[in-house]
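Shown next, in structure tokens, is the structure this report addresses.
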Amino acid sequence: MNLNQIIDKKNNKEKLTTKEIEYFVNGFSKDEISKLDATKFIKAVYENGLDEKETIDLTRAMAYSGKIIDLSDVGECVDKHSTGGVSDTTTLIIVPVLASLGVKVAKMSGRSLGWTGGTADKVEVFDGYDNYISEKEFKQNLRQIDECLISQSEEIAIADKKIYKLRDETGYVDNIALIASSIMSKKIACGAKILCLDVKYGNGAFMKDFESALQLAKLMCKIGKSFDIKTSAVISNMNEPLSKYIGNNLEVYSALKVLNGEENNLSTLSKNIVATILKSIHKVESLEEGISLATNSIKSKSALEKFKQLILSQHGSIYKVENYEVLAKCQNTLPIYATSKGYISKINARELGNAVHDLCKLYDEKDDKNQCGLVLNKQKNEYVKLGELIATIHYSSDKDLSKIVEKINSCFTITKEKGEDFELIKEIIF
């Protein structure tokens with residue numbers, strides 16, 4: 001089989017066979033296909049797309065390029081995935097809430113991709129936390145405390161890990177088939193048979209509009225069901241950051257604020273995802289009942305206790321859980337002021353994410369990167385005066401931040417009239 005012929009075939013918008021897709025995936029995962037040739041293949045797919053069968057074939061090939069975890073000896077397990085956004089820390093809320101309600105959560109989380117943050121990066125804010133525990137520990141935690149949160153190991157979906165990295169480096173990211181197959185290959189490999197997807201749309205998401213997000217959600221649900229995974233999806237709005245905190249330390253802080261009782265968009269979305277999962281496994285009859293259970297779990301501090309158990313079970317320190325205010329403190333801060341007066345009618349979530357990403361790139365050490373972030377002192381549709389504080393940059397040590405300040409300022413659109421109302425959750429698919 002010849003890879004160049006396969007690439008030419010896709011560039012001519014022809015359908016690839018199962019064997020042709022397997023040839024690429026297996027070859028690249030075993031380093032038999034060069035990075036340059038792999039980029040050509042991904043570019044052809046990115047520009048010309050894959051149909052449903054091709055996407056399922058790609059998903060299967062990537063999933064089975066590595067180890068498949070069998071959780072049948074543990075019991076019925078749930079997984080959850082977000083397609084990526086800015087200031088999205090729902091996982092850190094959903095996992096302990098579900099565990100506190102007796103639902104086993106086998107969560108595999110990813111690293112940051114482009115302007116979006118990664119949960120695997122965020123949990124490493126807790127000193128000693130191990131994303132790469134053994135399969136034996138993984139199952140042991142599920143049996144003992146009903147929760148585990150790991151990252152993709154070298155053995156899991158090997159081809160996806162390499163393709164994911166290549167897409168991030170080349171910018172071939174926001175393609176429905178590539179996103180769906182990447183997400184679902186990891187979910188298949190992780191072994192959970194119940195899955196809830198948080199599919200985001202808007203300027204801070206890979207899917208720019210609701211229609212694209214709906215298409216992606218339906219495709220992933222079809223893929224999941226073809227592998228006997230009970231799959232549901234919540235389609236949510238990412239036209240502005242999910243909370244006013246952006247950056248690893250700050251986003252973990254925002255999640256802990258919710259687990260300590262704060263109500264906001266982050267808590268609302270988290271509770272709705274919990275409710276969707278509870279309804280899909282018939283633990284509740286309605287979303288309202290599920291939201292009520294999630295609310296009570298947080299109010300009683302049961303979820304917070306489960307969060308502590310999660311961190312401890314994976315060798316992390318809970319000092320920053322019990323003293324979470326330290327996460328909002330930083331060596332240096334830089335205020336950003338409004339350049340005009342009026343209503344903040346629009347906040348560009350993607351560019352805010354990019355600004356924090358650029359800020360992190362100025363530093364080499366993980367602790368310095370974790371301190372990098374942004375606090376939004378004003379929210380959408382709030383009125384601001386000229387020179388009023390609208391945001392605060394958090395950073396580790398002195399650097400030239402002039403370009404980052406300029407980029408952040410450009411993310412706020414200030415007008416005489418308010419912007420459109422923000423609808424957080426657009427649709428839920430079972």
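The values are calculated or read from the model by the stated rules, or taken from the named source; none is laboratory data. The structure displayed is predicted, hence computed values, not measured ones. A quick note on method: Cβ atoms are made from the backbone with ideal geometry, for glycine too, and the neighbour counts reach across all protein chains shown. The accessibility values were calculated without ligands, DNA or RNA, using every heavy atom of the protein model including side chains. Shrake-Rupley method; radii C 1.70, N 1.55, O 1.52, S 1.80 Å.
Quick rundown of the values:
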read-out: Contour minus Cα-Cα distance for residue 399 and residue 31 (0.36 nm per residue); value: 128.6 nm
read-out: Accessible area expressed per residue, the range 303-394, with surrounding protein chains retained (probe 1.4 Å, Å²); value: 47 Å²
read-out: Centre separation in Å (Cα based) which lies between the range 129-171 and the range 51-76; value: 14 Å
read-out: GluC sites (Glu not before Pro) within the range 268-330: DSSP coil, no more than 10 neighbouring Cβ in 10 Å; value: 285
read-out: For the range 271-316: lysine pairs under 18 Å (alpha-carbon distance), excluding those fewer than 8 apart on one chain; value: 6
read-out: Set of the range 104-141 residues, backbone N closer than 18 Å to the point 7 Å along the Cα-Cβ line of residue 323; value: 125-129
read-out: Solvent accessible area, Å² - residue 350, 1.4 Å probe, full protein context; value: 50 Å²
read-out: Full-stretch length increase - residue 47, residue 288 - with 0.36 nm per residue and alpha-carbon distance subtracted; value: 82.6 nm
read-out: Given charges at Cβ of Lys, Arg, Asp, Glu: the chain dipole, positive-most of 156, 373, 264; value: 264
read-out: Per DSSP, loop GluC sites (Glu not before Pro) in the range 395-429 with at most 11 further Cβ within 10 Å; value: 417, 420, 423
read-out: Accessible carbon and sulfur surface of the chain relative to its total accessible area, %, 1.4 Å; value: 47 percent
read-out: Kirkwood Rh and Cα Rg combined as Rg/Rh, the chain; value: 0.96
read-out: Accessible area in square angstrom per residue, the range 185-293, 1.4 angstrom probe; value: 30 Å²
read-out: Computed [θ] at 222 nm, helices only, for the chain once each DSSP H run of length n ≥ 4 contributes -39500 (n - 2.57); value: -14500 deg cm²/dmol
read-out: The range 381-430-the range 203-232 distance, computed between alpha-carbon centres (Å); value: 28 Å
read-out: Residue 79 accessible area, 1.4 Å probe, all protein chains in place, Å² to nearest 10; value: 0 Å²
read-out: Restricting the range 352-381 to trypsin sites (Lys or Arg not before Pro) in coil, as DSSP defines it, with at most 15 other Cβ within 10 Å; value: 361
read-out: Residue 134-residue 341 FRET efficiency (beta carbon distance; Förster radius 35 Å; 0.05 resolution); value: 0.05
read-out: Segment residue 362-residue 422, extension gain: residue separation times 0.36 nm, minus the distance between their alpha carbons; value: 18.3 nm
read-out: Entries in 9/40; 10/30; 200/257; 104/165; 9/218 that, when Cα-Cα distance is taken, lie over 19 Å; value: 10/30; 200/257; 104/165; 9/218
read-out: Share antiparallel - DSSP beta bridges, the chain, percent rounded to 5; value: 50 percent
read-out: q = 0.12 Å⁻¹, the range 178-330: log10 I(q)/I(0) [Debye, one scatterer per Cα]; value: -0.62
read-out: Sites residue 334 and residue 14 - FRET efficiency at Förster radius 60 Å, r taken between beta-carbons, to 0.05; value: 0.70
read-out: Estimated FRET transfer efficiency when R0 is 25 angstrom, pair residue 312-residue 165 (beta carbons, to 0.05); value: 0.20
read-out: The range 318-348-the range 287-306 distance, computed between alpha-carbon centres (Å); value: 27 Å
read-out: The range 36-181 - Kirkwood radius from inverse mean 1/r over Cα pairs (Å); value: 16.6 Å
read-out: Lys, Arg +1 and Asp, Glu -1 on Cβ, resulting dipole of the chain about Cα centre, debye, nearest 20; value: 360 debye
